[in-house]
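Enquirer: One structure follows; several queries about it will come next.
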Amino acid sequence: MKIYLHLDFEKLTNCYLVVNEETKKALIIDPCKISNTLIKQIEEGGYDLTAVFITHKHENHYRGLKTLKKIYDFSVYAADNDLSTDKNILKGEGVKSIGGLNVEYFSLPGHSSDSMVYKIENAIFTGDVIFAGKIGSSSCSYTSKYLAKGIKSKIFSLNDGTVIMPGHGPITTVGAEKQYNLDLSSI
């Protein structure tokens, strides 16, 4: 598996192209603004884009979806039914096998009611649930505490070396967040 980070400089949102090099199947997590660089990477790599996973329904995390649909034929997976078809709406926890990659998913509301986290091998894609040194914003102190509790039980239970690929900002690890995330040390 290879993961390519594409940054939308306008909205400072991370988009990830995940590729199974053996099958040449690819998926995208959070298709923010689609760049020529991303399209070129898919085309020149000979990758077959088979799926798009959306972490939550905030426009900057899926605004490139219409562009991708004009070019490729793929399935969209999300917790929100406005973004996905009935058969691809994700609820709770589970696993989807896409192009030889097992995509584990679990719901982690708090930043938004439809927040999903995706785990592929030793990487988790967290959207706006957790960032390097911070947790996602929430509407009140109750949801902030609820989000922190979910992070501690679902993300911090993973191996310390698990790589966190957030929706914004730099990549981090579970171990680093356990030790240095200030938003979680006080809760």
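Enquirer: Quick one: pull the percent of accessible area on the chain belonging to carbon and sulfur, 1.4 Å probe, ligands and nucleic acids left out.
Expert: On the chain, the fraction of accessible area on carbon and sulfur atoms equals 49 percent.
Enquirer: Right, here's the next one. Let me spell out the model: positive unit charges on the Cβ of Lys and Arg, negative unit charges on the Cβ of Asp and Glu, origin at the Cα centre of region 6-101. What dipole size does that give, in debye rounded to 20?
Expert: 180 debye
Enquirer: Let me have the 222 nm mean residue ellipticity of the chain computed from DSSP H runs of 4+ only, each contributing -39500 (n - 2.57), with the sum over all residues rounded to the nearest 500.
Expert: Theoretical 222 nm ellipticity from helices: -5500 deg cm²/dmol.
Enquirer: In addition: Rolling a 1.4 angstrom probe over the protein heavy atoms, how many square angstrom per residue are accessible across the chain?
Expert: Averaged over the residues of the chain, the accessible area is 48 Å².
Enquirer: Sticking with this one: Rank by packing, highest mean first: peptides 114-123, 39-48, 87-96, with packing defined as the count of other Cβ atoms within 10 Å averaged across residues.
Expert: 114-123, 39-48, 87-96
Enquirer: Please give the net charge around S75, taking every other residue with its beta carbon less than 10 angstrom from that of S75, where Lys and Arg add +1 and Asp and Glu add -1.
Expert: With Lys, Arg at +1 and Asp, Glu at -1, the net is +1.
Enquirer: To the nearest 10 Å², what's D73's accessible area with a 1.4 Å probe?
Expert: 140 Å²
Enquirer: Can you compute the FRET efficiency between L182 and E59 using 1/(1 + (r/R0)^6), with r the Cβ-Cβ distance and R0 = 35 Å? Round to the nearest 0.05.
Expert: Once rounded, the FRET efficiency stands at 0.80.
Enquirer: Separate question: So for the chain, averaging the separation of alpha carbon pairs under 8 Å that are six or more residues apart and normalising by length, what relative contact order in percent results?
Expert: 16 percent
Enquirer: Next question, about the same structure. State to the nearest 20 debye the size of the charge dipole of the chain about its Cα centre, where the only charges are +1 on K and R beta carbons and -1 on D and E beta carbons.
Expert: 260 debye
Enquirer: Antiparallel versus total DSSP beta bridges in the chain: what percent is that, nearest 5?
Expert: The answer is about 70 percent antiparallel.
Enquirer: Which value does Rg/Rh take for the chain over its C-alpha atoms, Rh per Kirkwood?
Expert: 0.95
Enquirer: So, taking all protein chains as they sit and a 1.4 Å probe, how much accessible area belongs to L83, in Å² rounded to tens?
Expert: Only protein atoms counted, so the area is about 20 Å².
Enquirer: Between K40 and N159, what is the FRET efficiency for a Förster distance of 25 Å, r being their Cβ-Cβ separation, to the nearest 0.05?
Expert: The calculated FRET efficiency here is 0.15.
Enquirer: Lys and Arg at +1, Asp and Glu at -1: add these up for the other residues within a Cβ distance under 12 Å of T13 and post the number.
Expert: Taking every Cβ under 12 Å from that of T13, the sum is -2.
Enquirer: Please state the Cα pair-distance histogram of region 49-121 with 10 angstrom bins from zero: what percent is in each bin?
Expert: Bins of 10 Å from zero give 19, 55, 25, 1 percent of pairs.
Enquirer: For K145, give me every one of the lysines with a C-alpha distance below 18 angstrom, ignoring sequence neighbours fewer than eight places off in its own chain.
Expert: By straight Cα distance, K145 reaches K134, K154, K178.
Enquirer: Calculate the dipole size of region 120-187 relative to its Cα centre from +1 charges on Lys and Arg beta carbons and -1 charges on Asp and Glu beta carbons; express the result in debye to the nearest 20.
Expert: Approximately 240 debye in magnitude.
Enquirer: To two decimal places, what compactness ratio does region 127-174 give when its Cα radius of gyration is scaled by 2.2 N^0.38 Å?
Expert: This ratio for region 127-174 stands at 1.11.
Enquirer: Hand me the tally of lysine pairs in region 59-124: alpha carbons under 22 angstrom apart, and the pair either on different chains or 8 or more positions apart.
Expert: The result is 8.
Enquirer: Given points 7 Å out from each Cα along the Cα-Cβ axis, report the F9 to S75 separation in nanometres with one decimal.
Expert: 3.6 nm
Enquirer: Could you calculate the FRET efficiency of N88 with E121 from 1/(1 + (r/R0)^6), where r is the beta carbon distance between them and R0 is 25 Å, rounded to 0.05?
Expert: Between N88 and E121 the formula returns 0.70.
The values are calculated or read from the model by the stated rules, or taken from the named source; none is laboratory data. Predicted, not measured: the structure shown is a model, and the values here were computed from it. Glycine gets a Cβ as well: all are built from the backbone with ideal geometry, and neighbour counts include every protein chain shown. Heads up: the accessible areas ignore ligands, DNA and RNA and are worked out on the full protein's heavy atoms, side chains in. Shrake-Rupley method; radii C 1.70, N 1.55, O 1.52, S 1.80 Å.
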